[in-house]
Amino acid sequence: MRCEYVQQYYKVPACIGRRVIVNGRAGVIAEDCGHHIGVNFDNDKPGQVLPCHPTWRVEYLGMGTVRKLTKSQQRYKRFREYGDCFDSFIDFCRWHDQPERSWNGGA
């Protein structure tokens, strides 16, 4: 749900998963970006989220679904989060692919 600030301040029905048309481009709200809504446009890759002002040429529609990231996009997102802890990308990949990681079915 989230997007409470945008809902209260701008009085718009923004929430994660809501379909929108921003400046003629269709998409879905995928992230809460504070003062903005994070939109994944239909013609962009899943996970590519652009911040948009909640009232500038935005038409709010019904609910939709946020497209899931591909496995490689998920790994890259984790690398951006944890990558500074490793000497190289291959070290990160070895750590990432260990069976005990929660995303690999572990605990």
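Does segment 88-96 contain at least one residue that is over 14 Å from the mean Cα position of the chain (by Cα), open to solvent by less than 90 Å² (accessible area, probe 1.4 Å) and among the basic types (Lys, Arg)? Scanning segment 88-96, I find no residue that is over 14 Å from the mean Cα position of the chain (by Cα), open to solvent by less than 90 Å² (accessible area, probe 1.4 Å) and among the basic types (Lys, Arg), so the answer is no.
Considering segment 31-107, the qualifying strands (runs of 3 or more DSSP E), each wholly inside and each with 1 or more residues that are aromatic (Phe, Trp, Tyr), run over 36-41, 58-63. On the given criteria, is Leu50 within 19 Å of Gly17 (Cβ to Cβ), free of Cβ contacts under 8 Å to residues at least 40 places away in the same chain, surrounded by 13 or more Cβ atoms within 10 Å (Cβ to Cβ) and touching a strand residue (DSSP E or B) at 6+ places or on another chain (Cβ under 8 Å)? Answer is yes for this residue. Which of the residues belonging to segment 10-24 are open to solvent by 30 Å² or more (accessible area, probe 1.4 Å) and in a strand (DSSP E or B)? Within segment 10-24, Arg18, Arg19, Ile21 qualify. So which residues in segment 25-41 are open to solvent by 50 Å² or more (accessible area, probe 1.4 Å) and either at pLDDT 95 or above or in contact with a helix residue (DSSP H, G or I) (Cβ under 8 Å, 6 or more places away or on another chain) (or both), if there are any at all? Across segment 25-41, the qualifying residues are Arg25, Asp32, His35, His36. Applying a threshold of 9 Å to beta carbon distances and a minimum spacing of six or more residues, or different chains, the list of pairs starting in segment 7-33 at a residue that is over 13 Å from Val58 (Cβ atoms) and ending at one that is of a type in the set (S, T, N, Q) and crowded, with 17+ Cβ neighbours inside 10 Å reads Ala30/Asn40; Glu31/Asn40. Of all residues in segment 76-107, those that are touching a Leu at 6+ places or on another chain (Cβ under 9 Å) and either more than 20 Å from Val39 (Cα to Cα) or in contact (Cβ under 8 Å) with a residue 24 or more places away in the chain (or both) total 1.
The values are calculated or read from the model by the stated rules, or taken from the named source; none is laboratory data. Keep in mind it's a predicted model, so treat the numbers as computed, not measured. Methodologically, a virtual Cβ is constructed for each residue, glycine included, from the backbone with ideal geometry; neighbour enumeration extends over all protein chains shown. Note: accessible area is taken over every heavy atom of the protein model, side chains too, but ligands, DNA and RNA are not part of it. Shrake-Rupley method; radii C 1.70, N 1.55, O 1.52, S 1.80 Å.
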